[in-house]
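FYI, it's all coordinate maths here, none of it is from the lab. From a predicted model like this one, the values you see are computed outputs, not experimental measurements. Glycine gets a Cβ as well: all are built from the backbone with ideal geometry, and neighbour counts include every protein chain shown.
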Amino acid sequence: MICSVNIKRAYYGNRQVLEDIFFDVKEGGILAIVGESGAGKTTLGRLISGLYKFYPLTYEGKIDKKVELDVVPQNITDSLDPVFKIKEQILEICNDKKKVKNVLKIVGFTNQDDVLNFYPTNLSGGMKQRVLIAMAIIRSNFILADEFTSALDTVTKVKVVNLLKKLNTERKISLIFITHDMELLDFDGEIVILYGGKILEKGKIGEIKRDAWHPYTKFLINSTPKLGLHYTNYKFSNINIKNNYACPFYNSCDIAQDLCKESIPSLKKKGDRWIRCHF
Ligand SMILES: Nc1ncnc2c1ncn2[C@@H]1O[C@H](COP(=O)(O)OP(=O)(O)O)[C@@H](O)[C@H]1O
Ligand code: SF4
Ligand SMILES: [Mg+2]
């Protein structure tokens, strides 16, 4: 295991934002954290990476890491300083030019000297993202990518995800991949479906994509961009999450029964999968 997470609760100030989150990341493995906006994905990333210290964020529980985790940032525009050439920014974290050029080659640049002499404005979104991935793998072999493809067009997005996949299979880079887009998860690994700061379903990516059990996971799969749906157009966005006695999906769930409005489901293990649903 490269990382083992067991968070009982996490809070911004007094406000609880995560509850009962547990998973392991295998050495050389991939863990995907999936959920819509506000689910708590970035907060979880902040806790695992240690960046939570810069926020009013506290937690109860345990996070064990064998190596430090490096974060590939979501905001590619702000993550490279426009005033400095790429070489000045990369050589700041590793002054071995040969190693830097090799890492740039690994992330797919054939013209490494040109790239080093570019300013960030000379790079496309996909190129910037590859530079940021290069910087992350110089620092660590355990990286967290938080919605890092969100600013890219679909074709570039797929290319960058394929690069991460390649780094994982060929160079054994362990990866935590945060996204709201199930469609991007075209690789083996574990998945945690997060909603309202809680795990709703957890298991193997392939199995859950093939046969999702939780109504919310089914919704996420059916609302991939391929189908042209958007969360805000879907009835799940009307979930009444303020009712402390009902399942959060009661108002939207096709298979809800009376029990669902009287009791909140707990997270239960069924085979090698975890699910938070009464049925
Ligand atoms: N810096 C912060 N201070 C207080 N609350 C925050 C902060 N960042 C996020 N939150 C809250 O924590 C919850 C989870 O947010 P976040 O982890 O950003 O979700 P996601 O990444 O899944 O969109 C949300 O209710 C959000 O408003
Ligand atoms: S507990 Fe009931 S309302 Fe909630 S997801 Fe399951 S079936 Fe639907
Ligand atoms: Mg986020």
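Of note:
- Subtracting the Cα-Cα distance of Lys218 and Asp272 from 0.36 nm times their residue separation leaves 17.6 nm of extension gain.
- q = 0.07, 0.09 Å⁻¹: log10 I(q)/I(0) that the Debye formula gives for the chain, counting C-alpha atoms only: -0.28, -0.45
- Cα gyration tensor, the range 76-139 - rounded (a/c under 1.5), prolate or oblate: rounded
- Taking label points 7 Å from Cα along the Cα-to-Cβ direction, Thr121 and Val67 give a separation of 3.7 nm.
- 0 to 90° range, to nearest 10: angle between helix 97-106 axis and the chain longest Cα axis: 50 degrees
- Summed over qualifying helices (DSSP H, 4 residues or more, each -39500 (n - 2.57)) and divided by its residue number, the chain shows a 222 nm mean residue ellipticity of -8500 deg cm²/dmol.
- Note on Lys26 and Lys261: the extension gain reaches 80.8 nm, defined as 0.36 nm multiplied by sequence separation minus the Cα-Cα distance.
- Exposed-site-free run, longest, the chain (rule: trypsin sites (Lys or Arg not before Pro); DSSP loop; at most 14 other C-beta within 10 Å): 67-171
- Angle between the chain longest axis and helix 154-171 axis [Cα atoms, degrees, rounded to 10]: 80 degrees
- The overall shape of the range 1-92 is prolate: from the C-alpha gyration tensor, with semi-axes ordered a ≥ b ≥ c, the ratio a/c is 1.5 or greater and a/b exceeds b/c.
- Neighbourhood net charge (15 Å Cβ-Cβ; Lys/Arg +1, Asp/Glu -1) for Arg276: +4
- With a Förster radius of 51 Å applied to the C-beta separation of Met1 and Asn111, the computed FRET efficiency comes to 0.85.
- Counting Lys and Arg as +1 and Asp and Glu as -1 over every other residue whose Cβ lies under 15 Å from the Cβ of Ile173, the net charge comes to +4.
- Trp213 sits among other residues whose Cβ lies under 9 Å from its own Cβ, and their net charge, with Lys and Arg +1 and Asp and Glu -1, is +1.
- The string of couplings for the range 74-79 from the Karplus curve (6.51, -1.76, 1.60, θ = phi - 60°) is 6, 8, 5, 5, 8, 8 Hz, one whole number per residue in order, with x for Gly and Pro.
- Rel. contact order, % - alpha carbon contacts under 8 angstrom, at least six apart, the chain: 21 percent
- Centre-to-centre separation between the Cα atoms of the range 133-153 and those of the range 27-50: 13 Å.
- In degrees, nearest ten, helix 125-139 long axis to first principal axis of the chain (Cα): 90 degrees
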